[in-house]
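One structure below.
The values are calculated or read from the model by the stated rules, or taken from the named source; none is laboratory data. Please read all numbers here as calculations on a predicted model, not as lab measurements. Because the Cβ atoms are built from the backbone with ideal geometry, glycine has one as well, and the counts that use them run over all protein chains shown. Heads up: the accessible areas ignore ligands, DNA and RNA and are worked out on the full protein's heavy atoms, side chains in. Shrake-Rupley method; radii C 1.70, N 1.55, O 1.52, S 1.80 Å.
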Amino acid sequence: MRLTLMVQYLLGLVLMVLFAYMNANYPDKTWLFFMLYFLAFMGIIFLVTGRQARSMLRDLEEVKGGEKVFEADPQEVLKLRERDMERTRSELAAQAKVSLVPLASMIVFILIVSVPSLRGFFDSVGHMLAQDQKTATFYSFLAMYGTFYAFSLVTGLYTRRLQAKTGALRIATKYLVTTKGIVVDDSIPVKFPIKGTVVTDSRRKFVEVHLVQTYMGTTVKQRIRLYTEEPSKLAGMLKQGLQAK
């Protein structure tokens, strides 16, 4: 995972230098290179996400292939979720705010490329570093891309640190427990043995599986909430999954 993270950072730095060079030597295509850089940057993120998605699909098929142990009634789950909504509303609102943080990177990118005063600032930086026009242009674009790249890294790390503290909460609408693990909403697999803890709230009628995962070099907590009329019974099944071989 650390190797993947280092490759991502290195590729981002290489792209900055490459696109700054292209902007300096082909100024008539500046907007084209801006968009290509942004698309390339987003492509790196989708590449990493795609690798995780493929791994998740393999785990999903494996868990579904196990023998069914317990399957929740979707109507019962919905009723219990609605009954508990007053308590969960604040949790979901805080999580929504965290999910909006990465959008700040896109806003910064748009501001940098569209606000003349900001463009002028980076032009002045380039001319401070070099007298030759082409070299100064190269440095100005390098500083511009570097600012966007650094801001994206900071917001990404900040988001993951927040998630590492509170844990990303997912509330299942339906779920299935097999001898291989848990399938949440037909799309999220949690394989046995569970790498985390199982927490029961009998009063609010749910069981939470607290998982600890490593994503792009950062430890992230995830909380999967499973509503049921018999939380103690479900928790007993899942705690067996903690020691499953």
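Counting Lys and Arg as +1 and Asp and Glu as -1, each charge on the Cβ, what is the dipole of the chain about the Cα centre in debye, to the nearest 20? Spell out each step's value before the answer.
Working: 32 positive and 20 negative charges, 132 e Å.
For the chain, the charge dipole is close to 640 debye.
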Q | Per-residue HN-Hα couplings for region 21-29 [Karplus 6.51, -1.76, 1.60; θ = phi - 60°; Hz; x = Gly/Pro] | A | 5, 5, 5, 5, 9, 10, x, 6, 10
Q: Return the carbon/sulfur percentage of the accessible area of the chain, one whole number, probe 1.4 Å, all protein chains in place.
A: 63 percent
Q.
How much accessible area per residue does region 67-242 have, counting only protein heavy atoms and a probe of 1.4 Å, in square angstrom?
A. 54 Å²
Q.
Quick query: amide H of LYS174 versus all other amide H atoms, modeled in the peptide plane; which residues come in under 5 Å with a sequence gap of 5 or more or a different chain?
A. ASP185
(Q) From zero outward in steps of 10 Å, how is the percent of C-alpha pairs of region 84-177 spread across the bins? (A) 14, 29, 22, 16, 11, 6, 1
Q.
Quick one: 3J(HN,Hα) in Hz for region 85-93, Karplus 6.51/-1.76/1.60 with θ = phi - 60°, rounded, Gly and Pro as x.
A. 4, 4, 7, 8, 4, 5, 5, 5, 5
Q: Using a Förster distance of 41 angstrom, determine the FRET efficiency expected from the C-beta separation of GLU230 and LEU100, and round it to 0.05.
A: 0.65
(Q) Skipping prolines and chain starts, which residues have an amide H placed within reach, meaning under 5 Å, of the one on GLY181, given they are 5 or more residues away or on another chain? (A) PHE192
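Please compute the length gained on full extension between LEU153 and THR135, using 0.36 nm multiplied by the number of residues separating them and subtracting their Cα-Cα distance. Present the calculation step by step, with values, prior to reporting the outcome.
Working: separation 18, 0.36 × 18 = 6.48 nm, distance 2.65 nm.
So the chain would gain 3.8 nm between LEU153 and THR135.
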Q: Would you list, by chain and number, the lysines whose Cα falls below 28 Å from the Cα of LYS134, excluding same-chain residues fewer than 8 positions away?
A: LYS29
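For the chain, what's the relative contact order in percent, using C-alpha pairs closer than 8 Å and at least 6 residues apart? Numbers along the way, then the final one.
Details: 324 pairs, mean separation 56.9, N = 245.
Relative contact order of the chain: 23 percent.
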Q) Residue-wise, which Karplus ³J(HN,Hα) couplings in Hz belong to region 174-186, taking 6.51 cos²θ - 1.76 cosθ + 1.60, θ = phi - 60°, and x for glycine or proline? A) 7, 7, 9, 10, 10, 5, 9, x, 10, 10, 9, 6, 6
Q) Hey, which aspartates and glutamates would be in cross-link range of LYS174, C-alpha to C-alpha under 13 Å, not counting anything within fewer than 8 residues on its own chain? A) GLU71, ASP73, GLU76, ASP185, ASP186
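With Cβ to Cβ distances under 10 Å as the rule, what net charge do the other residues near VAL184 carry (K, R +1; D, E -1)? Write down the numbers at each step before the final one.
Numbers: positive: ARG170, LYS174, ARG225; negative: ASP185, ASP186.
Summing Lys/Arg as +1 and Asp/Glu as -1 gives +1.
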Q: Note down the accessible area of THR200, probe 1.4 Å, to the nearest 10 Å².
A: 60 Å²
Q) For ASP185 and PHE70 in one chain, what is 0.36 nm times their gap in residues minus the Cα-Cα distance, to one decimal in nm? A) 40.0 nm
Q) Mean residue ellipticity at 222 nm from the helices of the chain, using -39,500 (n - 2.57) per DSSP H segment of n ≥ 4 over the full residue count, to the nearest 500 deg cm²/dmol? A) -22000 deg cm²/dmol
Q.
For LYS195, give me every one of the lysines with a C-alpha distance below 18 angstrom, ignoring sequence neighbours fewer than eight places off in its own chain.
A. LYS165, LYS180, LYS221, LYS239, LYS245
Q | Amide proton proximity set for PHE206, modelled H, under 5 Å, gap of 5+ | A | ASP201, THR228
